[in-house]
Amino acid sequence: MHGVPHLLSSPSRSSAARASLTDTARVLGQVLLPLVARGLVKRRPRAVALLARLDADHRSVRCLQRVRARYGEGPVLLRLPRPVALVLAPDDVRRVLDQTPEPFSAAAALKVAALGHFEPGAVLISSSEDRPARRPFNEVVLEAPAEVHSLAGPMLAAVQQEADSLLDGAARTGEIAYPAFAAGTWRMVRRVVLGDAARDDEAFTDLLGRLRSRGNWGPLLPRREGLRREFDARLRHYLDAAEPGSLAGAIAGEAARAATGERTEPAQQVPHWLFAYDAAVIAAFRALALLDGAPEAAQRAAAEAEGAREPARSAAPTLPFLRACVLEALRLYPTTPALVRQSTAPTTWPDRRPAGGPPVPGPAVLPAGTALLVHAPFAHRDDERQPWADALAPELWLDGAARGDWPLVPFSAGPAGCPGRNLVLFTTSSLLARLLADHELRLLTPLRRGAQGQLPGTLDHFALRFAVRPR
Ligand code: HEM
């Protein structure tokens, strides 16, 4: 099979567990189709609404639980023309993410096709040759390990001013709905990434939006090179201006220049930062919705927000509880629901087939070129194994013991894990702090919960609306 017959015919190894045609069809319909339908790169509002009505992510989790019961913890190969395997065991999730890019490349073919529409030189879809020139640059400019970015001062000013404009708008209308929230937070994002001059340049991020929409179609649509050149030229304008206090300014700084080599392509890294901030906007809005039905957490969030506005404070606060709320929004509703890797060599796995099946000769082998899918909603919300699967549980992020060794991976993990994690958590928690310090946000339509109070599997952020009242 696929170039490694010598391994598979070896008496001490076996082919990995393989789903039947019927089960493959179920996985296609209940797991893969919803991922593609919602939009891999840019969410489609109507598809998200439909998937929320169907509670699609709960269905996906149940489908993968059935696969696990039938074939073991895998990896389980699907019966498709190309090798695609489901990664179900926590140890395997960790292994696949930790052993990136070799033998598990992040530049899986579908991802390259989707993101190539607008960021062909981004680190995430770079070859193993180019990755070492790009990853350090991203880490340096985004200050990956720092809880609070060194540009916290100007960033915080942008976050707080845009939060105040949102509250001004809400004072007029009495509510905040997603379109207004997204428009306001995108002004913040453009300032943080490109500088204050970009604040109102909606046309620029709309251009990126059009390219991202094409990205949803991956290899099925040709790239629009003209549109991309137009986008790149406008981006170049902001990068040349290198406004101090923004990430564009940081790119021109000494540390970034020291991390820039011939193959880095700094301008090709920035579209990803803008694109990825969309997830932060969505997560912050969902965090507000989750607090609505959780009075204890809401009180704690409000107390932290109030503490953060004390004028005596000189340094930017780290806001651990609000960060945990954003992380919970991302655990419950991961904005990257499919972490995909592609193996660059044959890989060997412990045999994890269920007891009672036919005996197997030894460890399982997956051929080189296998696409491995880590389904984040399954990893995060497996209610057969995790008592907190469907509840708001910020303590998971505050207390290592509460979480055990579950691979909760909204930001992925390992060498290709998200270097923007801390920046996202800093900006979103600061935004929530400003919104909640003096105001109470109540959902106009409460979330639809299960009989035991379980949160919905899929949450349509486009439809969320809050009544806003001064506290
Ligand atoms: C809530 C917001 C975000 C989430 C949940 C998130 C999550 C992720 C995930 C899951 C990956 C790995 C994707 C994969 O393996 O296919 C990733 C990669 C990455 N993210 Fe984020 N991200 C967010 C925002 C950001 C922001 C705002 C930036 C930059 C400002 C950023 C920069 C990156 C970069 C550069 C990579 C590629 C890393 C590599 O391939 O080495 N992310 N992110």
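Observations on the structure shown:
- Of every Cα-Cα pair in the range 335-471, the percent that sits beyond 26 Å: 46
- Normalised alpha carbon radius of gyration of the range 69-143 [divisor 2.2 N^0.38 Å]: 1.33
- 0 to 90° range, to nearest 10: angle between helix 225-241 axis and the chain longest Cα axis: 50
- Applying 0.36 nm per residue to the separation of Asp399 and Ser213 and subtracting their alpha-carbon distance, the gain on full extension is 63.1 nm.
- Between Ala451 and Arg46, full extension at 0.36 nm per residue minus the direct alpha carbon distance yields a gain of 143.1 nm.
- For Leu444, the residues whose amide H sits under 5 Å from its own are Arg465, Phe466, Ala467, ignoring neighbours fewer than 5 places away on the same chain, with H placed 1.01 Å from N.
- DSSP beta bridges confined to the chain are antiparallel in about 70 percent of cases.
- Computed FRET value (nearest 0.05) for Thr22 with Leu54, which takes r as the C-beta separation and R₀ as 25 Å: 0.75
- Packing-based ranking, highest mean first, of 30-39, 368-377 given that Cβ atoms within 10 Å are counted: 368-377, 30-39
- Per-residue HN-Hα couplings for the range 48-54 [Karplus 6.51, -1.76, 1.60; θ = phi - 60°; Hz; x = Gly/Pro]: 5, 4, 5, 5, 5, 4, 7
- Solvent accessible area, Å² - Val67, 1.4 Å probe, full protein context: 10
- The range 42-58 residues near the modelled Ala463 label - backbone nitrogen below 16 Å, point 7 Å along Cα→Cβ: 44-58
- In sequence order, the range 127-144 has phi-based couplings of 5, 4, 6, 8, 3, x, 8, 10, 4, x, 4, 4, 5, 6, 5, 7, 6, 3 Hz under the Karplus curve 6.51 cos²θ - 1.76 cosθ + 1.60, θ = phi - 60°, and Gly or Pro positions carry x.
- Average accessible surface for the chain: 42 Å² per residue, computed with a 1.4 Å probe over protein heavy atoms with every protein chain in place.
- Helix axis angle, 202-215 relative to the chain longest principal axis, alpha carbon, degrees: 10
- Computed on the Cα trace of the range 226-323, the radius of gyration divided by the Kirkwood hydrodynamic radius gives Rg/Rh = 1.12.
- For Leu372, the residues whose modelled amide H falls within less than 5 Å of its own, excluding neighbours fewer than 5 places apart on the same chain, are Ala85, Arg341, Gln342, Ser343.
- Degrees between helix 421-437 axis and first principal axis of the chain (Cα, 0 to 90, nearest 10): 40
- A cut-off of 5 Å between modelled amide H atoms, ignoring neighbours fewer than 5 places along the same chain, links Arg18 with Leu77.
- Portion, in percent, of the accessible area of the chain that falls on carbon or sulfur, probe 1.4 Å: 55
- Normalised by 2.2 N^0.38 Å, where N is the number of residues, the alpha-carbon radius of gyration of the range 5-470 equals 0.98.
The values are calculated or read from the model by the stated rules, or taken from the named source; none is laboratory data. Here the structure is a predicted model, which is why all the values come from computation and not from measurement. Cβ: placed from backbone, ideal geometry, glycine included. Neighbour counts: every protein chain shown. All accessible areas refer to the heavy atoms of the entire protein, side chains included, with ligands and DNA or RNA removed. Shrake-Rupley method; radii C 1.70, N 1.55, O 1.52, S 1.80 Å.
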